[in-house]
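> First the structure, then my questions, so here it is.
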Amino acid sequence: MTFTQTHLLGIEPLHPVEIAAVLDLAEDYVALNRAPEKHGQALDGLTQINMFFEASTRTQASFELAGKRLGADVMNMEARTSSLKKGETLIDTAMTLNAMHPDLLVVRHPQSGAVDLLAQKVTCAVLNAGDGRHEHPTQALLDALTIRRAKGRLHRLTVAICGDIAHSRVARSNILLLGKMESRVRLIGPPTLIPAGAAEWGVEVTDDMEEGLKGADVVMMLRLQKERMDGGFIPSEREYYWRFGLDAETLAHAAPDAIVMHPGPMNRGVEIDGLLADDINRSVIQEQVEMGVAVRMAAMDLLARNLRAGRAEERAHA
Amino acid sequence: MTLHLTNLRLIDPEAGADRPGHLSIGSDGRIAAVARDGAPPPGATDCGGLCLAPGLVDVGVKVGEPGERHKESFASAGRAAARGGVTTIVTRPDTLPAIDTPEVLEFVRRRAEEECVVRIAPMAALTKGREGREMTELSFLLDAGAVAFSDGDRVVEDTRVLSRAMTYAKGLGALVVAHCQEPGLSRGAVATSGKFASLKGLPAVSPMAERMALDRDIALVEMTGVRYHADQITTARALPALERARRNGHDVTAGTSIHHLTLNALDIGDYRTFFKVKPPLRSEDDRVAAVQAVGAGLIDVISSMHTPQDEESKRLPFEAAASGAVGLETLLPAAMRLFHSGALTLPQLWRALSLNPARRLGLPGGRLAVGAPADLVLFDPDAPFVLDRATLASKSKNTPFDGARMEGRVRATWVGGALVHGAVP
């Protein structure tokens with residue numbers, strides 16, 4: 001078995017071989033998802049609970065669909081509206097859920113490290129669907145699959161990640177993954193949105209779009225959160241768009257066959273030009289969404305195999 | 001009855017000495033004799049070369065009375081202190097309610113007298129409710145026994161309020177103890193900014209926030225002439241400011257916490273909340289600079305910043321978890337790390353752990369001299385052990401040293417000549 005994890009908490013603990021294992025299996029699921037009959041059996045008999053402590057439509061839908069396509073019983077818990085308002089702690093919620101014997105727990109939480117904490121307290125496999133500004137591993141994996149399909153490889157590429165790096169878990173997971181796969185990463189953004197110490201991550205950092213995009217094979221745009229504007233990180237939307245927005249003209253600085261990515265949801269006219277986002281020759285944004293379902297199916301499949309193997313071993317010992 | 005102890009390694013911070021000798025504890029609870037040469041008195045107990053030093057004076061200990069007795073009571077804090085060789089605890093006023101009136105202070109002193117086996121020297125709040133708006137009744141509080149004034153880890157943001165409180169305190173000769181964190185920069189931060197905090201996605205503050213706050217306070221000291229003590233200086237960038245103030249003759253001293261001298265930001269690892277303290281743990285460079293500053297005498301005081309927190313408040317995501325660590329019992333063994341690594345000598349350590357804090361707060365402890373109170377700790381600096389947090393005497397077990405290999409065990413502690421922990425060998 002090349003994939004040895006019991007949880008998917010981040011890209012950080014993954015070995016490059018494990019990343020490749022997820023992507024390879026996801027390729028199979030891309031084919032399945034495109035077939036008229038979309039039903040797999042990998043998660044038959046297993047229960048998947050999606051626990052989102054932070055609003056999300058896209059990621060939650062993607063995980064739900066991935067689970068259902070593989071035969072899991074899927075339950076969505078609106079954690080942010082129910083228990084927390086009654087004063088229950090994260091650990092209590094986790095213990096309550098654990099008592100219902102789920103097999104896969106998909107968790108999103110607004111605080112960094114919260115999913116790690118939860119994983120220590122439950123006996124099922126936990127998938128991090130985004131924790132604070134820490135990690136969002138399935139996003140990085142789906143981005144990697146999208147890139148690999150477009151470019152044929154994940155090594156020796158130049159990937160420019162542009163925007164609000166400081167508050168982005170997507171950026172962190174992507175930086176870690178691309179570093180492990182031996183690609184070059186450039187971060188582009190206003191200095192107020194570049195995290196302290198980023199230069200020590202083994203990436204290049206610039207606040208100049210032209211310089212940052214030069215020769216890039218992949219241009220990854222990040223969403224600019226509205227609340228960042230109120231926080232005084234940037235002076236205005238229009239100044240941001242002028243300096244860091246991506247349109248066909250700016251994109252001309254990148255490699256001629258560069259692809260454009262965005263984790264969604266997009267702010268058209270704030271970080272990316274609407275026409276460019278819809279340009280099927282350059283933008284792979286729709287494909288990212290498609291890859292998301294496949295990658296999540298693959299990740300849950302691999303975790304479920306390890307979970308079943310672990311339980312069989314326990315039974316043998318008992 | 002006089003107790004004679006011999007075959008001791010005497011740690012005398014006043015003389016800067018670490019040498020063999022014998023010592024007698026008089027029946028009046030004071031040191032009756034201390035000698036390095038000559039024959040020990042007949043019937044003296046052979047201590048087998050263990051170290052004997054003045055008991056530790058720990059500035060900034062949080063006891064949960066009033067308000068949070070489930071976290072720590074005077075009884076449990078006293079037991080923990082005795083086991084850790086701490087003979088005087090200087091308590092913080094950040095209780096519920098805050099110790100900001102002579103009535104609350106009276107309550108605290110009465111409770112301490114009834115329950116606590118070590119000496120208590122209480123600090124009182126500088127502003128009412130520690131809200132940074134109006135100064136407390138400093139004069140009444142002094143009369144009631146307050147040894148210093150502090151708002152704990154809250155910064156008095158309004159400079160005008162602080163300048164008035166300092167001016168008033170100056171007139172009374174009172175000591176103001178402040179926490180140095182520029183409030184705007186540090187708002188919401190739970191870690192020190194840098195590669196590690198950024199990777200972990202934790203809201204972080206630049207170490208410069210400490211320097212900025214210290215700079216402001218030193219300017220106010222220059223303006224008002226008040227006696228001032230910074231509770232924790234933990235960054236290299238703040239040290240030149242401290243040195244300059246000292247050189248210019250201002251009455252400024254500084255402390256630091258044992259955690260900032262023995263741990264760094266990387267110890268937080270995978271969001272371990274027992275390592276969440278205020279200010280946050282710093283880089284290794286800052287840690288080394290702080291240790292050197294203690295050695296050079298620029299940082300005067302090492303304390304445990306004992307902050308008991310219950311399990312519930314620590315079993316949360318790192319950002320949401322409570323700050324602080326217990327430290328009364330681990331202060332001495334953690335300090336031994338600095339001794340065994342060769343960074344500081346035992347007399348240097350005891351200046352910062354005992355003599356300097358006693359002097360700064362006008363307390364009698366910290367000395368190995370005839371006539372000084374027999375507040376003493378007998379310890380083996382080399383005895384190894386693995387810390388199990390369940391064995392701590394504190395009601396709260398939130399120590400960052402759980403499972404850590406440590407050296408240095410307290411064998412006996414005396415307060416005013418009375419044995420409060422351990423036994424004479």
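> Can you run the Rg to Rh ratio on the range B:36-87? Use alpha carbon positions and the Kirkwood inverse-distance Rh.
Rounded to two decimals, Rg/Rh equals 1.23.
> Another question, if that's okay. When the Cα atoms of the range A:54-179 are enclosed in a convex hull and the volume is divided per residue, what value in Å³ results?
In the range A:54-179, the Cα convex hull volume per residue is 127 Å³.
> Identify which of B:86, B:176, B:34 has the largest mean-square fluctuation in a Gaussian network model of chain B, with springs joining Cα atoms closer than 10 Å.
Result: B:34 has the largest fluctuation of those listed.
> If you wrap chain B's Cα atoms in a convex hull and average its projection over all directions, what's the area in nm²?
Values: hull surface 75.1 nm².
Value for chain B: 18.8 nm².
> Taking square-rooted eigenvalues a ≥ b ≥ c of the alpha carbon gyration tensor, is the range A:1-77 rounded, prolate or oblate, where a/c under 1.5 means rounded and, failing that, a/b exceeding b/c means prolate?
Working: a/c = 1.69, a/b = 1.11, b/c = 1.52.
Note, shape of the range A:1-77 comes out oblate.
> Continuing with the same structure: Bin by bin, in steps of 5 Å, what percent of the Cα pairs in the range B:303-353 do you find, going until the bin that has the longest distance?
Answer for the range B:303-353: a P(r) of 5, 19, 20, 16, 13, 11, 11, 6, 0 percent.
> Semi-axes of the equivalent ellipsoid of chain A: what are they in whole Å, largest first, if each equals the square root of 5 times a C-alpha gyration tensor eigenvalue?
So the equivalent ellipsoid measures 34, 22, 18 Å along its semi-axes.
> Right, something else. For the range A:228-278, what does the equivalent ellipsoid look like in terms of its semi-axes, each the square root of 5 times an eigenvalue of the Cα gyration tensor, given largest first in whole Å?
Its equivalent ellipsoid spans semi-axes of 22, 12, 9 Å.
> On average, how much area does the Cα convex hull of the range B:107-214 cover when viewed from any direction, in nm²?
8.9
> Averaged over its residues, how many other protein chain Cβ atoms are within 10 Å of peptide B:186-196's Cβ atoms?
Mean shielding by partner chains, rounded to a whole number: 2.
> Can you quote the Å³ per residue value for the convex hull of the Cα atoms in the range A:249-318, rounded to an integer?
Taking only Cα atoms, the range A:249-318 has a hull volume of 121 Å³ per residue.
> Moving on. If only Cα atoms are counted, what is the Rg of the protein assembly as shown, and what is its Dmax, in Å?
Looking at the protein assembly as shown, its Cα Rg and Dmax stand at 30.1, 100 Å.
> Just list whichever of B:128/B:276; A:121/B:200; B:170/B:278; A:38/A:180 have alpha carbons separated by over 30 Å in the model shown. Walk me through the intermediate numbers first.
On the way: B:128/B:276 27 Å; A:121/B:200 20 Å; B:170/B:278 28 Å; A:38/A:180 32 Å.
As for pairs spanning more than 30 Å Cα to Cα, those are A:38/A:180.
> Just checking the output field for B:312-320: average partner chain Cβ neighbours within 10 Å of each residue's Cβ?
Partner Cβ neighbours, averaged per residue: 6.
> Can you give me the three principal axis dimensions of the range A:101-254 from its C-alpha atoms, in Å, biggest first?
Answer, in whole Å and largest first: 53, 41, 28 Å.
> Among A:186-197, A:102-113, how do they line up from the highest to the lowest mean number of other beta-carbon atoms within 10 Å?
A:102-113, A:186-197
> Straight-line reach from residue B:397: which aspartates and glutamates have a Cα under 19 Å away, not including same-chain ones fewer than 8 places off?
The qualifying aspartates and glutamates are B:58, B:65, B:68, B:72, B:267, B:310, B:311, B:312, B:329, B:388.
> In addition: State, in angstrom, two size descriptors of the range B:1-141 derived from its alpha carbons: Rg to one decimal place and Dmax to the nearest whole number.
Expressed in Å, the Cα Rg and Dmax of the range B:1-141 come to 19.5, 62.
> While we're looking at this one, here's another question. Give me the percent of Cα-Cα pairs in the range B:345-425 that sit more than 19 Å apart, rounded to a whole number.
Cα-Cα pairs in the range B:345-425 separated by more than 19 Å: 53 percent.
> Would you please state the base-10 log of I(q)/I(0) at q = 0.21 1/Å for the range B:133-280, with intensities from the Debye formula using one equal scatterer on every alpha carbon?
-1.28
> If each residue's Cβ is checked for other Cβ atoms within 10 Å, how do B:306, B:70, B:250, B:179 rank with the fewest at the top? Walk me through the numbers before you get to the answer.
On the way: B:306 31, B:70 11, B:250 17, B:179 20.
Listed from fewest to most nearby Cβ atoms, that is B:70, B:250, B:179, B:306.
> Turning to a different aspect of this structure: Please list A:61-73, A:286-298 highest first by mean number of surrounding beta-carbon atoms within 10 Å per residue. Walk me through the intermediate numbers first.
On the way: A:61-73: 20.9, A:286-298: 23.5.
Per-residue Cβ counts within 10 Å, averaged per peptide and sorted highest first, yield A:286-298, A:61-73.
Values quoted throughout were computed directly from the atomic coordinates according to the rules given, and no laboratory measurement underlies them. All figures in this text were calculated on a predicted structure; none of them were measured in a lab. All Cβ positions, even for glycine, are placed from backbone atoms using ideal geometry, and neighbour counts span all protein chains on display.
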